[in-house]
Amino acid sequence: MILAGVDEVGRGPLAGPVVAAAVILDPSRPIAGLRDSKLLTAAARERLAGELRARAAGWGLGRAEVEEIDQMNILQASLLAMQRALAALPFAPQQILVDGNRCPSLAGLWYRCPIEAVVGGDARIAAISAASILAKTVRDAWMVEAGRDFPGYGFERHKGYPTEDHRRALAALGPCKLHRLSFAPVRSAHAPG
């Protein structure tokens with residue numbers, strides 16, 4: 001059976017897109033060490049992401065931008081990013097397993113197959129772990145670039161998450177165009193004073 005695992009990264013940050021990946025592993029080319037990306041070091045994630053790009057049977061990426069997050073809410077934007085990742089797969093899976101308790105819509109996709117949400121799937125299902133790793137490394141790399149484009153916020157360090165460092169920068173500089181204005185800490189920093 002051709003199984004696609006799907007996961008997203010970036011629901012909690014105050015800035016940047018939410019990124020999703022869909023991965024179809026090749027059973028004849030196993031990749032050792034796959035697990036939830038949050039349990040891996042940055043170096044291990046990068047190594048595994050390189051192996052995934054080279055050895056997975058297929059993968060696709062999707063993202064939802066800050067404007068979409070602010071317009072529709074983070075949950076709907078996450079599901080949209082997942083749908084876009086599934087649309088980017090190079091061939092159709094026969095089953096889709098999604099980390100979490102909600103599945104994206106398959107409306108508009110060029111294929112149909114069963115889809116199921118699996119709570120804790122990123123720790124139990126290799127294809128979902130693979131998607132978690134790919135999404136995390138892609139989003140982190142994007143946020144490092146954002147740190148160069150928007151100096152002073154520390155995006156290269158905290159990747160947009162609401163760390164103390166990020167909150168201080170937000171209070172001092174105000175939000176930039178990468179910040180999610182619908183999120184309360186950003187809204188309060190943006191409030192006219």
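Laboratory data are not the source of any read-out in this text; all were calculated from the coordinates shown. Note that the structure is a prediction, hence the values are computed from the model and not measured. Cβ coordinates were reconstructed from backbone atoms using ideal geometry, including for glycine residues, and neighbour counts include every protein chain displayed.
Results, tabulated for the structure shown:
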read-out: Test for Pro27: is it surrounded by 17 or more Cβ atoms within 10 Å (Cβ to Cβ) and either assigned to a loop (DSSP other than H, G, I, E, B) or in contact (Cβ under 8 Å) with a residue 12 or more places away in the chain (or both); value: no
read-out: Selection count where residues are touching a helix residue (DSSP H, G or I) at 6+ places or on another chain (Cβ under 6 Å) and under 12 Å from Ser132 (Cα atoms), scope the stretch 20-42; value: 8
read-out: Boolean, Ala172 is farther than 21 Å from Asp70 by Cα and either surrounded by fewer than 13 Cβ atoms within 10 Å (Cβ to Cβ) or among the hydroxyl-bearing types (Ser, Thr, Tyr) (or both); value: yes
read-out: Qualifying positions in the stretch 118-173 - hydrophobic (A, V, I, L, M, F, W, C), without any contact (Cβ under 8 Å) to a residue 24 or more places away in the chain and more than 20 Å from Arg63 (Cα to Cα); value: Val118, Val119, Ala169, Ala171, Ala172, Leu173
read-out: Selected residue (criterion: surrounded by the most Cβ atoms within 10 Å (Cβ to Cβ)) from residues of the stretch 11-24 that are more than 12 Å from Gly62 (Cβ to Cβ) and small (Gly, Ala, Ser); value: Ala15
read-out: Tally of residues being part of a helix (DSSP H, G or I), surrounded by 15 or more Cβ atoms within 10 Å (Cβ to Cβ) and in contact (Cβ under 8 Å) with a residue 24 or more places away in the chain across the stretch 43-72; value: 8
read-out: Search result, residues across the stretch 94-106 that are in a loop (DSSP other than H, G, I, E, B) and not polar (S, T, N, Q); value: Gly100, Arg102, Cys103, Pro104, Leu106
